[in-house]
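Quick notes on the structure that follows.
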Amino acid sequence: MKQMKGITVALLMGLLLVGGCATLGPVYQRVATIPEGTGLVYIYRPSSFVGGGVAYDVKVGETVVTTLHNGGYYPYFTEGPHVYHIRLSQSIRTVLESDMSSIEGYDGSKANVLLKLLYILAGSVPYKPNISLLGKRTGLHANTVVKYLHYLERARILSFLWAPNKGMSLLQKPDKVYLDNSNLAYAIRGPEVNIGSIRELFFHNQVKQVATLIYTPTADFLVDEKYLVEIGGPGKSVSKDKDMYVVRDGIDHGAEKVIPLWLFGFLY
């Protein structure tokens, strides 16, 4: 009788072990076709007795894309960077056609004209706006060009740089015009973007969060009415002006009066 009990216990333990190690997830099958413009990542959970009965959610950000069971796998498709820029372009058009319609005086039917205006601005080195030329190229009256620039700034598609003590009314021309961030530049112009423009745009976007940026004819920026800053590549020369700082792209380490551009990405 004791022998029979021993055999029964052994069988039960064996069944538990087999059950615990059993693969509950789908059997692996190679994905035959990968959609164009995407990458494929196989997420695999090895089979294990310990914790085998527990299922785990796999998230991308806050979205659950699958639940992995013991021994299961999931083929996850990732989008390439160009897909992001396509979606961003679609978002820009939505803002121009729909979201900005709530702004008094804005005509949503002019969305294509504003897209053309943005295309011109995105292809320019940080732009000191020539309102007459922009009017000719877009078919808009000069006052309308200035007004639409302000509308785009309110929509956080553009960002301005002003000279000190200058008014900021709806009909006042800004001293410099930037896209609000570098992602917008790549979404609008693709590979045609000017790297010098991207460098200045990045500095402006990061530093304006923590300091006051002012237009000055003697440098790219005047920071907090105290520091003159020039932006450039790794070979940008250092000025003899004791108040001038050089921010260089493409360098790892700084030196006296020289600061790597990438450091400003940690400001916020």
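From the list 161, 171, the lone residue that is exposed (fewer than 13 other Cβ atoms within 10 Å of the Cβ), more than 21 Å from residue 99 (Cβ to Cβ), in contact (Cβ under 8 Å) with a residue 24 or more places away in the chain and not assigned by TED's automatic domain parsing to the domain that holds residue 262 is 171. Can you give me the number of residues within region 88-134 that are more than 18 Å from residue 188 (Cβ to Cβ) and aliphatic (A, V, I, L, M)? So the answer is 3.
Among the residues of region 237-268, what is the count of those that are closer than 23 Å to residue 159 by Cα and assigned to a loop (DSSP other than H, G, I, E, B)? Within region 237-268, residues that are closer than 23 Å to residue 159 by Cα and assigned to a loop (DSSP other than H, G, I, E, B) number 3.
Before we move on, is residue 124 within 17 Å of residue 202 (Cα to Cα) and in a loop (DSSP other than H, G, I, E, B)? Steps first, please.
Numbers: within 17 Å of residue 202 (Cα to Cα): yes; in a loop (DSSP other than H, G, I, E, B): yes.
So residue 124 passes the test.
Taking region 235-251 as the region of interest, how many residues are free of Cβ contacts under 8 Å to residues at least 24 places away in the same chain and surrounded by 14 or more Cβ atoms within 10 Å (Cβ to Cβ)?
Here is the first cut: in region 235-251, the ones free of Cβ contacts under 8 Å to residues at least 24 places away in the same chain are 235-243, 245-246, 248, 250-251.
The next check asks that each one be surrounded by 14 or more Cβ atoms within 10 Å (Cβ to Cβ); those that pass are 236, 238-239, 245-246, 248, 250-251.
Adding up the residues that qualify gives 8.
The residues listed here are 137, 87; of these, the one that is out of contact with any His (no Cβ under 9 Å at 6 or more places or on another chain), charged (D, E, K, R) and more than 28 Å from residue 175 (Cβ to Cβ) is 87.
Residues considered: 58, 113, 95. Of these, the only one that is of a type in the set (A, V, I, L, M) and farther than 30 Å from residue 201 by Cα is 58. Residue check: is residue 188 within 15 Å of the chain's Cα centre (by Cα) and not assigned by TED's automatic domain parsing to the domain that holds residue 236? It is true that residue 188 is within 15 Å of the chain's Cα centre (by Cα) and not assigned by TED's automatic domain parsing to the domain that holds residue 236.
In region 125-136, how many residues are surrounded by fewer than 15 Cβ atoms within 10 Å (Cβ to Cβ) and either small (Gly, Ala, Ser) or without any contact (Cβ under 8 Å) to a residue 24 or more places away in the chain (or both)? It would help to see each step written out before you state the result.
First, pick out the residues of region 125-136 that are surrounded by fewer than 15 Cβ atoms within 10 Å (Cβ to Cβ): 125, 128, 130, 132-133, 136.
From what is left, the residues that are either small (Gly, Ala, Ser) or without any contact (Cβ under 8 Å) to a residue 24 or more places away in the chain (or both) are 130, 132-133, 136.
Qualifying residue count, region 125-136: 4.
The criterion of at least 3 residues that are modelled with pLDDT under 95 is met by the following strands (runs of 3 or more DSSP E) wholly inside region 133-236: 158-161, 176-179.
Looking at residue 225, is it among the charged types (D, E, K, R) and over 24 Å from residue 111 (Cα atoms)? Walk me through it before giving the result.
Working: among the charged types (D, E, K, R): yes; over 24 Å from residue 111 (Cα atoms): yes.
It is true that residue 225 is among the charged types (D, E, K, R) and over 24 Å from residue 111 (Cα atoms).
The values are calculated or read from the model by the stated rules, or taken from the named source; none is laboratory data. Owing to the predicted nature of the structure, the values given are computational and were not obtained by experimental measurement. All Cβ positions, glycine included, derive from the backbone under ideal geometry; neighbour counts span all protein chains shown.
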